[in-house]
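**Student:** Just passing along the structure, written as structure tokens.
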Amino acid sequence: MRVPDDAPPTCPVCGVAYDSVSEHDAGLMVNLLDNVAYRRVCFDPVILDGRAHVRFYHHTHRRVTGDGSEE
């Protein structure tokens with residue numbers, strides 16, 4: 001995993017600001033059940049140097065709902 005320097009200021013998938021972004025080029029697992037930190041993670045496939053990568057845009061509860069609620 002790496003943190004890309006060239007990530008956009010808003011998520012390219014949903015257009016909402018995000019808390020952090022990570023980039024992966026190998027196997028990964030996602031489990032957001034009962035996640036206290038992130039409400040949603042958007043996945044954006046990218047090609048870098050001819051290799052497939054996936055960028056994860058991590059959205060907090062506050063950024064997604066706008067009110068800080070965890071619903």
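**Student:** Spin-label point model (7 Å from Cα, Cβ direction): what's the Cys14 to Asn35 distance in nm?
**Tutor:** The two pseudo-label positions are separated by 1.0 nm.
**Student:** Please work out how much length the chain gains when fully extended from Phe43 to His24, using 0.36 nm per residue of separation minus the C-alpha to C-alpha distance, in nm with one decimal.
**Tutor:** Going from the current span to full extension adds 5.8 nm.
Since every read-out is calculated from the coordinates, none of them should be taken as a lab result. Since this is a predicted model, take the numbers as computed values, not measurements. For neighbour counting, all protein chains shown are included, and Cβ atoms are generated from backbone atoms with ideal geometry for every residue, glycine included.
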